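Please read the structure below before turning to the comments.
The values are calculated or read from the model by the stated rules, or taken from the named source; none is laboratory data. In this text, all values refer to a predicted model and were calculated from it rather than measured experimentally. Please note: Cβ atoms are built from the backbone with ideal geometry, for glycine as well, and neighbour counts cover all protein chains shown. To get the accessible areas, we keep the full protein, side chains included, count just its heavy atoms, and leave off ligands, DNA and RNA. Shrake-Rupley method; radii C 1.70, N 1.55, O 1.52, S 1.80 Å.
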Amino acid sequence: QVLLGESGGGLVQAGGSLRLSCAASGPTFTTRSVGWFRQAPGKDRIFVAAINWIGVSTMTAQSVKGRFTVARDNAKNFVYLQMNSLKAEDTAVYYCAASRPYDGLTSTPESYPYWGQGTQVTVSS
């Protein structure tokens with residue numbers, strides 16, 4: 001059993017920045033890749049970014065490349081999503097999710113068995 005919780009969302013003006021945190025508890029968290037996904041009202045949940053279990057490889061969606069970065073601190077069981085140059089189209093509920101042990105990077109939601117409750121990010125324009 002892996003428990004996840006997101007924090008750091010809020011209201012920000014276009015061009016601003018936010019840092020989201022994903023706190024995890026449970027066994028073998030440091031052996032799991034962590035992905036970030038987002039879902040806007042009336043739209044599908046889509047991939048944003050991911051980091052592998054050892055923290056040396058990352059993947060980002062084309063729509064956020066160069067603006068968002070993902071990092072992890074395994075000693076504290078935290079994963080972070082730094083969001084810069086935010087746009088109105090970034091407005092969504094953001095979720096973090098944990099993979100099976102030792103799985104590599106993936107953008108597929110079905111590859112992540114454990115999910116947080118989400119945190120709202122609203123970008124005004």
Quiz item: Which residues, counting only those in region 67-125, are over 17 Å from Pro27 (Cα atoms) and basic (Lys, Arg)?
Solution: Arg67, Lys87
Quiz item: Within the group Arg100, Arg72, which residue is within 20 Å of Ser7 (Cβ to Cβ) and basic (Lys, Arg)?
Solution: Arg72
Practice problem: Can you run down the residue pairs with Cβ atoms below 8 Å, 6 or more apart or on separate chains, where the first is in region 35-56 and closer than 19 Å to Ser7 by Cβ and the partner is in a loop (DSSP other than H, G, I, E, B) and open to solvent by 80 Å² or more (accessible area, probe 1.4 Å)? | Solution: Phe37/Arg45; Arg38/Arg45; Gln39/Arg45
Quiz item: Is there any pair with a first residue in region 1-19 that is closer than 15 Å to Tyr94 by Cα and a second that is open to solvent by 60 Å² or more (accessible area, probe 1.4 Å) and of a type in the set (Gly, Ala, Ser) whose Cβ atoms are under 7 Å apart and which are 6 or more apart or on different chains, and what are they?
Solution: none
Quiz item: What strands (runs of 3 or more DSSP E) lie completely within region 20-77 and have 3 or more residues being surrounded by 12 or more Cβ atoms within 10 Å (Cβ to Cβ), out of contact with any Pro (no Cβ under 7 Å at 6 or more places or on another chain) and hydrophobic (A, V, I, L, M, F, W, C)?
Solution: 46-51, 68-73
Quiz prompt | Verdict on Val121 being β-branched (Val, Ile, Thr), at pLDDT 95 or above, in contact with a helix residue (DSSP H, G or I) (Cβ under 9 Å, 6 or more places away or on another chain) and in a strand (DSSP E or B) | solution = yes
Practice problem: Please determine, by comparing only the residues of region 1-11 that are open to solvent by 20 Å² or more (accessible area, probe 1.4 Å) and not in a loop (DSSP other than H, G, I, E, B), which one is farthest from Gln117 (Cα to Cα). | Solution: Leu11
Quiz item: Any chance region 86-97 includes a residue that's open to solvent by 60 Å² or more (accessible area, probe 1.4 Å), part of a loop (DSSP other than H, G, I, E, B), touching a strand residue (DSSP E or B) at 6+ places or on another chain (Cβ under 9 Å) and not β-branched (Val, Ile, Thr)?
Solution: yes
Quiz prompt | Among residues of region 109-124, those that are over 18 Å from Met83 (Cβ atoms), touching a residue at least 12 places away in the same chain (Cβ under 8 Å) and loosely packed, with under 15 Cβ neighbours inside 10 Å, counted | solution = 2
